[in-house]
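Novice: First the structure, then my questions, so here it is.
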Amino acid sequence: MPMHNTAMDTATEFGRMLGPLRRAVMRQVRNTEGLPDLPEAQVELLRALTEAGPTTPGELAVRLKIAPSTVSNLVRAMNTAGLLERVPSSTDLRTATLSTSAAARNLLERYDRTSAATLKKAMQQLDADQQLLLDRAIPALAALLVTLERKN
């Protein structure tokens, strides 16, 4: 089904806003909580690992739909930073099971709590109609995410 000009304009504008919106929230979070400047890829990997529980780098690559070499690079940096616990396999020394460290789980909880508070405070500064539009957009955004994930 072809997009109407309005849908294309909405898609273009929405796409252009995603990065700046995320960065604006993260700037506020870091300034408010003094949290470290974790790259988004590391945060995404930590979230996936927290949801999945202990898993291998290969399974993470499949789950995140990224190259195994990208996961290896992320794991190396995050292991050095103390964000991951890496347990070598007893049968294959080339593989390991990964899990989040207590420090990483605490960091994610702080990011989530502060992000929610930051967004809530900003949203309260919008007028009632804008707040209602955002509230009503949540189911559509969730459906959009499912649609995008299904296509990959």
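The values are calculated or read from the model by the stated rules, or taken from the named source; none is laboratory data. Just so you know, these numbers come straight off a predicted model, no measurement behind them. Cβ atoms come from the backbone with ideal geometry, glycine included; neighbour counts cover every protein chain shown.
Novice: If I go through the stretch 97-109 residue by residue, how many of them are of a type outside the set (Ser, Thr, Tyr), crowded, with 17+ Cβ neighbours inside 10 Å and either outside any helix (DSSP H, G or I) or more than 16 Å from the chain's Cα centre (by Cα) (or both)?
Specialist: So the count comes out to 1.
Novice: Find all pairs meeting these conditions: Cβ atoms under 6 angstrom apart; at least six residues apart or on different chains; first residue within the stretch 79-104 and over 14 Å from Gly53 (Cα atoms) and among the small types (Gly, Ala, Ser); second residue modelled with pLDDT under 90 and part of a loop (DSSP other than H, G, I, E, B).
Specialist: So the pair list comes out as Ser89/Thr95.
Novice: A follow-up question, please. Just checking, does the stretch 122-145 include any residue being surrounded by 14 or more Cβ atoms within 10 Å (Cβ to Cβ) and either of a type in the set (Val, Ile, Thr) or more than 21 Å from the chain's Cα centre (by Cα) (or both)?
Specialist: First, the residues of the stretch 122-145 that are surrounded by 14 or more Cβ atoms within 10 Å (Cβ to Cβ): none.
There is no residue in the stretch 122-145 that is surrounded by 14 or more Cβ atoms within 10 Å (Cβ to Cβ) and either of a type in the set (Val, Ile, Thr) or more than 21 Å from the chain's Cα centre (by Cα) (or both).
Novice: Considering each residue of the stretch 110-121, count those that are among the aliphatic types (A, V, I, L, M) and either surrounded by 13 or more Cβ atoms within 10 Å (Cβ to Cβ) or more than 26 Å from Thr50 (Cβ to Cβ) (or both), and give that number.
Specialist: We begin by selecting, within the stretch 110-121, every residue among the aliphatic types (A, V, I, L, M); these are 116-117, 119.
Checking which are either surrounded by 13 or more Cβ atoms within 10 Å (Cβ to Cβ) or more than 26 Å from Thr50 (Cβ to Cβ) (or both) leaves us with 117, 119.
Result for the stretch 110-121: 2.
Novice: Could you tell me which numbered condition Tyr111 fails, if it satisfies all but one of (1) closer than 16 Å to Leu46 by Cα; (2) at pLDDT 90 or above?
Specialist: (2)
Novice: For Thr100, state whether it is of a type in the set (Val, Ile, Thr) and out of contact with any strand residue (DSSP E or B) (no Cβ under 7 Å at 6 or more places or on another chain).
Specialist: no
Okay, residues lined up against (1) surrounded by 16 or more Cβ atoms within 10 Å (Cβ to Cβ); (2) within 20 Å of Ala102 (Cβ to Cβ); (3) small (Gly, Ala, Ser):
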position: Arg16; (1), (2), (3): no, no, no
position: Arg23; (1), (2), (3): no, no, no
position: Met26; (1), (2), (3): yes, no, no
position: Ala41; (1), (2), (3): yes, no, yes
position: Lys65; (1), (2), (3): no, no, no
position: Val71; (1), (2), (3): yes, no, no
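Novice: Output the residue which, of all residues in the stretch 60-96 that are among the hydroxyl-bearing types (Ser, Thr, Tyr) and part of a helix (DSSP H, G or I), is nearest to the chain's Cα centre (by Cα).
Specialist: Ranking the qualifying residues of the stretch 60-96, first place goes to Thr70.
Novice: Please specify each residue of the stretch 27-47 satisfying the condition of being under 23 Å from Arg63 (Cβ atoms), in a helix (DSSP H, G or I) and free of Cβ contacts under 8 Å to residues at least 40 places away in the same chain.
Specialist: Correct list: Glu40, Ala41, Glu44, Leu45.
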